[in-house]
Amino acid sequence: MRISQPVKKCTSAKKVIVVGAGNVAIDAARSCLRLGADVTIVYRRDKDEMPANSHEINDATDETINFMFLSAPYRILGNEKGKVAGLEIHKMHFDGFDNAGRKKTGRYRRKCNR
């Protein structure tokens, strides 16, 4: 296969968050890294439960991709121009096992006065 246009460095997205931990998510994260972005993968379970192939996970780790485990996207944050400005993330915790024997996760909830 021949690429018709040369690959250019990423100029608009300096920081990229990829949600999920399958092979496609790892490939997307590694591609964004090669285009010059600072990349973080957000996954709601532990590293040992990532569905991606182990060699993909190891390669992503070696390439300095950041991982946030036990973390779940909650809300996409926008700026005044209607563009994505961030992602609000809830930290999860281990909460026993489900009926299928998989680890269950729960969200931390914190209350405050203000």
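Counting every C-alpha pair in the stretch 24-91, the share spaced more than 14 angstrom apart comes to 63%. Karplus couplings for the stretch 77-92 from phi (6.51 cos²θ - 1.76 cosθ + 1.60, θ = phi - 60°), rounded to Hz, Gly and Pro as x? 3J(HN,Hα) across the stretch 77-92, in whole Hz: 9, x, 9, 5, 8, x, 9, 5, 10, x, 9, 7, 10, 9, 6, 9.
May I ask you to list the chymotrypsin sites (Phe, Trp or Tyr not before Pro) in the stretch 63-108 that are in a DSSP loop and have at most 16 other Cβ atoms within 10 Å of their Cβ? Kindly include the intermediate steps, with their values, before the conclusion.
Details: sites: F67, F69, Y74, F94, F97, Y108; in loops: F69, Y108.
Of the chymotrypsin sites (Phe, Trp or Tyr not before Pro), the ones in loops of the stretch 63-108 whose Cβ has at most 16 other Cβ atoms within 10 Å are Y108.
Extension gain for the segment E63 to D48, taken as residue separation times 0.36 nm less the Cα-Cα distance, is 3.5 nm to one decimal.
Which GluC sites (Glu not before Pro) in the stretch 12-84 sit in a loop by DSSP (not H, G, I, E or B) and have at most 13 other Cβ atoms within 10 Å of their own Cβ?
On the way: sites: E49, E56, E63, E80; in loops: E63, E80.
Answer in residue order: E63, E80.
The length gained by stretching the chain between D95 and H55 to full extension, at 0.36 nm per residue less their Cα-Cα distance, is 11.6 nm.
For the stretch 15-107, what relative contact order do you get, as a whole percent, if you take Cα pairs closer than 8 Å and at least 6 residues apart? Kindly include the intermediate steps, with their values, before the conclusion.
On the way: 160 pairs, mean separation 20.8, N = 93.
With pairs under 8 Å counted, the relative contact order is 22 percent.
As a proxy for reagent exposure, L70, L77 were ordered by neighbouring Cβ count within 10 angstrom, fewest first; the result is L77, L70. Pairs of lysines in the stretch 15-107 whose Cα atoms sit within less than 15 Å of one another amount to 5, provided the residues are eight or more positions apart or on different chains.
What nm distance separates the two modelled labels at L87 and R102, each placed 7 Å from Cα along Cα→Cβ? Once both label points are built, they end up 1.9 nm from each other.
Read the figures in this text as sums done on the coordinates, not as results from a lab. Bear in mind that the values here come from a model prediction, so they are computed numbers and not experimental data. In this analysis, Cβ positions are derived from the backbone assuming ideal geometry, glycine residues included, and neighbour counts consider all displayed protein chains.
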